[in-house]
Each structure stands twice: as structure tokens, then as C-alpha cells.
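Report on one structure; see the data block that follows.
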Amino acid sequence: MMRILKFAKKHQWLLMTIGILMTIGFGMALYHSQAYVLEKAKATAVQSLKSIVSDSFMMVNKIESTANKMVPKIEHQLDTPDVMFSLSREVLEENKLLKGCSVSFEPYFFKEKGKYFSCYSYNNGDSIATEQEGDDGYQYFRMDWYQIPRLLDKNYWIEPYAEFNEDGIIVKEVMTSFCQPLHDKDGNVIGVLSTDLPLKWLSDFILSHHPFPKSYCMLLGRGGTYIVHPDSTKLLYETILTPTLDGDFPELKTLGRAMIAGETGTVSLALDGVNSHVFYMPFARTGWSLALVCPDEVLLHDYYILSWILIVLIAVAIIMMLAPIWTRFVVKADMSSSSQKASLLLTLFILGTTLFFTACEQHQQVAHQKIEADSLMNAAYKMHDYDRLLSLADLHESTHALSPMKAHYWRGYAYSRLRKMRLAEREWKKAVALDINDDDDLKYYSKSTNRLAGLLYMKFDYEGTIRIAVPAMKLLQEKEFTMSTDYANLQTFLGCCQLRLGHKEDAANSFALAWQHFLQATESSDDIANYTSAIIGIVTITDTYIQTGHDQEAKDWTDRFDSMLLRYRQHPQADDNFIDKQWARLNFYRACILERQNERVEAQKAYQVALTTKYAKTSDGQIEATSYLMEAGRWNEAADKFTVLERQLQRYNMQMTLDNIRTFLIPKFMANASALRTDTALVTGKWICHALDSAIVKERQNNALELATLYDMQQKETEIIEQQASLSQQRFLSTAIILVLVIFGFGLFIYFRHQSSKRLKKAYHHLEMANARAEESSRMKSDFIQQISHEIRTPLNVLSGFTQIITSPDMEIDEEMQEDINRQIIENTNRITGLVNKMLELSDANSQKVIKRQDDVSAELIATDAIDASGIATAQHLQFDLQITEEAFNTTIHTNRRAATRALSLLLDNARKFTDPSEAHYHDNHDGEQKKATLRVYTDAEYLRFCIEDNGIGVPSDEAERIFNEFVQLDEYYNGTGIGLTVARSQARRLGGDIWLDPTYSGGARFIYILPLAKEDTDTEVETI
């Protein structure tokens, strides 16, 4: 605190200048912020409203498209009135959202049918019922849904309607109808096609949109009647103009008239007692109007937060601006006034609290937006509305309510369902290339890789599938995200590719891992989706084995199929239709496999079991049964099953792609040809030729369209990025420049001052460390000089004494004494030589040069040479043991014999020295126990290992690394220079190995010395020894 106040006193005029600039900058920001925040909120609201209208238009367009496709069929079959019943049913079968459909005609249009002829089909829950309506009690041709499109001679959406009881309560759901006039060949109106739609799905969809908290949407009919509104008591009872009957509300009148007229705009008014902004525009082609109501407190919520922050910052800036005044009083009081300190702390506390609550509020808003985005995406997914799924992904990604990973996944999923596979592949590849920031991203990364791998596999791009699956599985393993069925499916696709490429054993391993992960996923979570995904994965594996002719493996997997299906049956949410279908498929597989294995009786039994299912009686089931029938040579039965193919293709509105021709038409042709049904085979062959030609043309067109779409999307993405960059530069440009300059200048000053302080502290710390190292180095050098002087003086004294004896003319020396003198002279000479060699080796201890490895030498030879050089085997005070494994005995390595032997001999010399009590000059800890030292030589996969153990004085575990430093001696009473271990480790590392002390060994000391077994080539600078 004292430093801050002293700094303020010293730089008071600088603070005043910065304070003035900050006050001006923050004041301008406060002045402009309300308009900016309001305009930004309005833009978001308008964009959201457009998105709702756009998505709703897609949904409404599906209803209209269904009716549009049916009108030509009706008008071309006016000579067969009874077919109208099946056509009205077909409308409901094609669009599940519709509640009813009527094909109604003018009175006496069909004279044989009488005055009334209206074919009405309605969805009765689990079935569709059809009946003829119209009598004297219900003259349908006088109803508004019939009269309006007939008189206008154009398509028309009827105002929503409902049935009420005597108390005025709605007893059935609110409905609306899309009606189209029917014409004869002369263009005269002869009837009306009406499709009935429940408004609940539209109401749920519209009310689910909340771009802002407390905001809501409402939908008005042509007369201003509320069709959709959060307050259900207003539906069909009140209009938007109802409140004007009790008072003068000019803004509300303006809004109501504009919406009834089908205009687009924005109005600010008090709605239901709340000041709000209402954004409105026409709703698709229905004649209705949609409005988004946003309370002002919500639209300006960000402004309120920003204004509080700016007010606090302005207050701080004013304090800085008045620095020349308040610093005089504070410094004169010698910082003793607690109130002054408290006021400063209070200011800082207010600023911190404001920033904290702002961050919390923003976090809550983001969380709310993400939850809402997820719910809307899931709703569109469940409704199979893939166009809406695309628009929602784009919208919520732009508002950051949806992460890029999720957005790319959902776009890819939607494109795949729309059969735009190139676009789907592009989106999933983008998702796979993104960074994973949280668990949600990880989940959708696994989903994207699973989908992408499946797509590439279906394209027969097996290598591409492997390139996606293998890195994805590795990453999921690293993230410990292997308990999902997505991971198991990646294993499945990998195994399928391996099997297709001829790697049968690898495929079997992958499939086994997939099975384990399927089991883990179903055991870890009771979600029914895990079971269905596991069953589909097993079906894929079984089908691949069957297609590749591996019948025994396919048979084994049918057992696993049966096991997983049994577990699915036991689930409380199990779907009976799914069980029935998979049970049929399982037995079809078994029948096909058993037929191939010449077990025809068992195959027939399995086939008969499949025929008992409901699925086998469906068109899909009959087509699937043809695989077994054709395998069994039952061509007539297969041909009979294929009679439903054309109806099935029409039912699913399947295009004749190359895959569909190969999957359906060619097997049908083969079945009819083999059954000698030449006429049908000929017709099918012509169908194939025509379909093949159309498919090739269609494929080219689709490819061109997808490529054009890809190009357009890239262009649009570029344009969007450029527009966003331009907008970012223009908004608050003048204010931002002032703020940035002020904050930058102030921050720069504080930064350099802080950096200067840090550098000073760092330099002082380094100086202290350098001083400590210098003192330690000086002490160690002094100890080393004393020790080396002693080490040299002792053998020199011996040599000097014996030299005097030998050169004395009066000295008589017998032969035994002569030999002893010669031996001691040689020993002490070698001792001096060894000491000099150590000093020379020490000079190279810190060298980074690799020692040239030019010798092929056996492990046994290195060990024996080192034992001889160290003299440990002949030491009188200890028992030495050499243990070498047979594998090590026969091992030869490529190294430098001299350096390798030298490092080992230094370790052995260390063991000899520190197990001999007589080495210590000033104490004797000899307790009569026989000292031991052991050299064990063995190998592992990469290294030749030497383990030197002794039961000497040992080394404390906390000194395990320090002993390898230069001149370090833990016990000054033992002879030595403190450089032997330093030299030994240096030699080992420069040979590609290492030396370390095992701190876990407590019976003395254990050193581990390793050398590489493999011959390594290196470009590193090499030193020859």
C-alpha cells in the first residue's frame, strides 16, 4: 500500500493525465453503449425471427409438397372414383404429421356415387382408417375449407379451428387445413383436396424459441386471432386488438393492423404491462403473422451490466485525475489514516465484485443458450427435419451457443440423411480436424469419427476408413473415452476394412475388441441406445463375414448376435418391433450360413423360424429373405418375393442409384432368370438398363450440384468472415482507439516497472547463487588440492625411501627384500600413473563428444579386464564373486573396449575401497564380518547390464546423484580424489549407456552400469580413445 501511494505521489501529474483520458474515453463509451447494445440485440432478435420463419416454412412446405404431388394423381384417375380412398390414405402414409386427408368432389360429380362423395382418411393412432363422408347432416361442400379454395381457385390455408363443449372448453386439438382445388381436363374446379394438420407441433416448435430470457413468440391468424401464444386461454378467443376495446392503445392498434396486413417491422410498446419491443413478419405462405416479443429489460440487460462497469471505471479514472489533490493529504498523514486505506480497499473491492458478477452473469447466459440450442437440435433430430437441423446448426454456431465440433457433426448428419454425402463427409472431416476443448467436444468427436468412418466404408474406401479409425481410437484411448458404442463401432469398421483387404486375423482381433467394448458400453450405461447400437454393429460384422464367404466366423457371430438380442429383450424399454425385426434377421443369417455349409435341414428350420415373425411378412422382410432363397436355389420363391420390390421402392421414394441397382434390381433379375421367368427377367433387364442410364446421369448431376454447393459454401464462408471482420473494425472504432491507447500506456508503464523489479530480483538471486557456488567451488578445490597432494605425496615418499635404500652403497639387500622393494615401487608407480590418468580423464568428463565404438568385444572380456584392472579379485579384506548369465556370456557388443572396461574398473575399485576399513586413516569400523562384493552381468531387450553390489559403508539415498559430481567425497577419512564416479558416468554416457546408484538397496551400495546391445549409427561428433 505504501508503495502504491508513494508511486501516486511521485507520478501524480501522469496519473492526472491518464485519468482525464480515461474519463473522456469511458464517458464516450457510456454515451454510445445503449444505442449500440440495443441495435445489436435488435439484430439478434430479427435474425432469430427470420430463422423461425425459415424453419417453419420448410416444415409447412413439406405439407404443401405432399399435397402437390397427390393432385396430379387424383386428376389423372377421375374415371375410377374408388381409387380416391387409397390415394387419401397414401397422403397420410407419406407424411406422418398429418391427422387427416379428404378428397372431396362437387355434388353428383360421380353420378353412380350420388350427391355426396368425399373420401376421408384419418390417423387413428396406430392405424389409418378410411371412410366416405357427407350427408344431409354434413354437407361438406358448404364448409369454408371447401368453398374458399373452390371460389378463389387457388391453394389456401384455413384458419385454425377446434371443437368446443357446452362450457366453451376445447375438447379436441386445434387443427388447420391446407386445401387445394382439383380440376378436370378442361380446367374446371371439380373438388378440393384437404390435408388436416394438428397445430400442436407448430405451437411447440414456435414456443420453444427463446433468443432472450423472458422473450416469447406468438402467431396471429388473418383476423388477428391468437393461434399460438404462451397464454393458452387467449387461443382462438382473443385477438391482438381485444385490449383496445377497453381503452386507447395507439401503439397496440398500430402493431395489430400491421401484422394483419402482413407487414414486417418493429414496434416499441407496453404489452401486458411490460415495456417491450415486438418484431413481426409474415408467416410463410399461410397469410398468418409471426411476432417475437422481447422485454426491454432483457434487450438492455447487457447495457445495464456494461454501464455499471463503465461507471466504476469512470470513478477510478476521476480518482486518478484528482491525484495531485488527494496525494498531498495522504502523504502528509504518513499513510496513518485507516479511513483512507479503507476507501482505497473499498474501491478495489467494488471493482472486483462488479467484474466477478458480470462474469457469472455471462456464464449463466451462455449456459442457458447452450441448453436451449441442444433442446432445439434434439427436437429437429427426432422430427427428422434435416433442413431445420442445418439452419439451427448455422444459427447457434454463429451465436456460440453451439460449439464448432457439435455444429459440424449435426450438419454432417443432416447432409447424410439428405443423401448429400460429399457435404456430409466435408463437415465430419472438419469436426475431426478440430481441437477438443471439453468432454462435450470429445463426445461429438467420437460421434463424428464414427459417422465418417462408416461413410468412407460404405464408399468402399477401406484405406481411408483405416486412416480415420486408427488415429481416432488412439486419441480416444488417451482421453480414456472407450466406454462408448462409437469407439466400438470404430473397431467394427476397422475390422471390416481389414477383412475386405484380406487381413483375416487382424480383423478377428478388431472384432473381438469391438465385442468387448460393446459389452462394456451396455454394462456401464443402461441406455437403450447402447443396446441398439451394439446390435447394429454386430449385424455389420456378421453381414461382412457372410459377404466375404467366411461362413464359420459368421456363424460364431450369430451366436453373439443372439446373446446381445437376449439382453436387449430384458431391457424395460425394449421395442417389440425392433426385437421382431432383429430376430428375423438373425434367423435369415443362420439359414444362409447353414445352407452354405450343406446343413439344409437346419437351414430350413432357421428360415421357418424367421417366417414366423411380423417383419418377415413385410415388404422389407420379404426382400431380405431372398438372400437365403437364392443361396438355396429356390428361385421361384425368390422371384415371388421380389414382386414387392417396385412397391417398396415407391414407398420409400428411393432413387435408382448405382448402389440400389446392385442391391435390388440385379438380384431380382438373377432370381427371375434362374426361375426361367423370361418375361419378367426381360422386363427387369430393361428396367436395369433404363435405371442404370438414369442413375449415371443422376450421379453426375448430383456430383456437380454437390461440388457447386461446396464451392458456394466456401465462397459464403469467406464472405461472412470478411463481413464480420469489417463490422468488428467499424464498431466503436473511435472509442476503442482511445481506450486502447489509455490502457496500453498505463499498462506499459506498469509492465516495464514490474519487469525492472523482476529483473533486479532475478539478478540478485543469481548473484547469491553464484556467490554460493563460488564459495562451494573454492572449498571443494581446496579439499581436492589437499587430497591430491596427499595422494601423490604418499607414493612419492615410498619411492623416495626405496630409492635411497637401493642407491646406498653400504646397504645389503637379499633377494626376498629386493623382490618386495620392486613390487612396492611398481605398485606406487602405478598408483601415481592411475591418479594422473584420472586427472586427464576428468578434463574430458564434461565433453559431449561420443566415444568412437570400434571394437566388437564380449561381455565376459569386459568384466574380466575390469576385475584385473581394479585388483578387486585379489583384495584380502573381501570375498569377490562374479556372476554372469549364459546369455550375457555369449553376448558380444559393438563398443569401445578401453572406455567400457575403464568405467567398470572404476566402479569395482570403488567397491574395493569402501569395503576395506584399513582405507580409513582415522577410524576402524572393522567388526570381524567378512566383506563381500558381487559383479552380476546379464542382459535385457536393449542393454547389457553390470550390477556391482557390496556390503560396505553404503550411500545415503539423498546423496544418490550428488556423489557423481566432481570432487565429492562423503567420507573424508577414506583415500580418494572424488573424481572416479564422475569419470565413470561420463565414459558410460558417451558410449550410449549410463551409470546410477540404486537407492532402494540398503545392504551397502549397488551401482548399475548399462551399455547398449544394438549397433547405432550416429552423425554426432566422435572422439577416438
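The values are calculated or read from the model by the stated rules, or taken from the named source; none is laboratory data. Just so you know, these numbers come straight off a predicted model, no measurement behind them. Note: ideal-geometry Cβ built from the backbone for every residue, glycine included; neighbour counts use all protein chains shown.
Restricting attention to helices (runs of 4 or more DSSP H) lying wholly within segment 496-609, give those where 2 or more residues are closer than 30 Å to Q477 by Cα. Reasoning before the result, please.
Working: elements: 504-524, 528-547, 551-569, 576-596.
The helices (runs of 4 or more DSSP H) meeting that bar are 504-524, 528-547, 551-569.
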- Near pairs, Cβ below 6 angstrom, 6+ apart or cross-chain, from segment 560-574 (closer than 12 Å to A534 by Cβ) to any residue that is outside any helix (DSSP H, G or I): Y568/A574
- Note on the structure: Looking across segment 426-437 at residues that are touching a residue at least 12 places away in the same chain (Cβ under 8 Å) and out of contact with any helix residue (DSSP H, G or I) (no Cβ under 6 Å at 6 or more places or on another chain), the single one that is surrounded by the most Cβ atoms within 10 Å (Cβ to Cβ) is R426
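Of everything in segment 462-489, what is in a loop (DSSP other than H, G, I, E, B) and polar (S, T, N, Q)? Give them in sequence order.
Applying the first criterion (in a loop (DSSP other than H, G, I, E, B)) to segment 462-489 yields 479-484.
Correct list: T482, S484.
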- Item | Matching residues in segment 180-219 - criterion: being within 19 Å of Q47 (Cα to Cα) and in a loop (DSSP other than H, G, I, E, B) | S208, H209, H210, P211, F212, P213, K214, S215
- Message: For the condition in a loop (DSSP other than H, G, I, E, B) and surrounded by fewer than 21 Cβ atoms within 10 Å (Cβ to Cβ), what is the one hit in R222, R257?
- Response: R222
- Inspect segment 77-87 for any residue being closer than 30 Å to W288 by Cβ and among the polar types (S, T, N, Q) and give the result as yes or no. no
- Message: I need the full set of residues from segment 592-615 which are in contact (Cβ under 8 Å) with a residue 40 or more places away in the chain and of a type in the set (A, V, I, L, M, F, W, C), in order please.
- Response: C592, I593
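Residue-by-condition table, conditions (1) in a helix (DSSP H, G or I); (2) of a type in the set (A, V, I, L, M); (3) touching a Lys or Arg at 6+ places or on another chain (Cβ under 9 Å):
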{"residue": "L395", "(1), (2), (3)": "yes, yes, no"}
{"residue": "L402", "(1), (2), (3)": "no, yes, yes"}
{"residue": "Y409", "(1), (2), (3)": "yes, no, yes"}
{"residue": "I436", "(1), (2), (3)": "no, yes, yes"}
{"residue": "D441", "(1), (2), (3)": "yes, no, yes"}
{"residue": "F460", "(1), (2), (3)": "no, no, yes"}
- Query: Does segment 623-641 hold any residues that are under 44 Å from the mean Cα position of the chain (by Cα) and either in a loop (DSSP other than H, G, I, E, B) or crowded, with 21+ Cβ neighbours inside 10 Å (or both), and which are they?
  - Reply: A625, T626, Y628
- In segment 893-908, is there at least one residue being of a type in the set (D, E, K, R), modelled with pLDDT of 90 or more and touching a Leu at 6+ places or on another chain (Cβ under 8 Å)? yes
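Counting only residues that are of a type in the set (S, T, N, Q) and touching a helix residue (DSSP H, G or I) at 6+ places or on another chain (Cβ under 8 Å), which one in segment 867-894 is surrounded by the most Cβ atoms within 10 Å (Cβ to Cβ)? Don't jump to the end; show me each part of the working.
Applying the first criterion (of a type in the set (S, T, N, Q)) to segment 867-894 yields 870, 874, 876, 879, 883, 885, 890-892.
Keeping just the survivors that are touching a helix residue (DSSP H, G or I) at 6+ places or on another chain (Cβ under 8 Å) gives 870, 891-892.
Working: S870: 24, T891: 17, T892: 14.
Ranking the qualifying residues of segment 867-894, first place goes to S870.
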- Item | From Y116, Y122, residue being surrounded by 15 or more Cβ atoms within 10 Å (Cβ to Cβ) and within 28 Å of N577 (Cα to Cα) | Y122
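Mind checking whether some residue in segment 302-309 is at pLDDT 85 or above and either part of a helix (DSSP H, G or I) or over 19 Å from W157 (Cβ atoms) (or both)? Step through it out loud before you land on a result.
Filtering segment 302-309 down to residues at pLDDT 85 or above leaves none.
No, segment 302-309 contains no residue that is at pLDDT 85 or above and either part of a helix (DSSP H, G or I) or over 19 Å from W157 (Cβ atoms) (or both).
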- Residues (surrounded by 14 or more Cβ atoms within 10 Å (Cβ to Cβ) and either in a loop (DSSP other than H, G, I, E, B) or not assigned by TED's automatic domain parsing to the domain that holds Q879 (or both)) located in segment 949-959: N951, G952, I953, G954, V955
- Note on the structure: Within segment 381-393, the residues that are farther than 18 Å from Y216 by Cα, in contact (Cβ under 8 Å) with a residue 60 or more places away in the chain and assigned to a helix (DSSP H, G or I) are D387, R388, S391
- Scope segment 937-948; condition over 12 Å from L1011 (Cβ atoms) and surrounded by 19 or more Cβ atoms within 10 Å (Cβ to Cβ); matching residues: I948
- Note on the structure: Note on segment 831-847: residues at pLDDT below 75 and either in contact with a Pro (Cβ under 9 Å, 6 or more places away or on another chain) or assigned to a helix (DSSP H, G or I) (or both) are R831, G834, L835, V836, N837, K838, M839, L840, E841, L842, S843
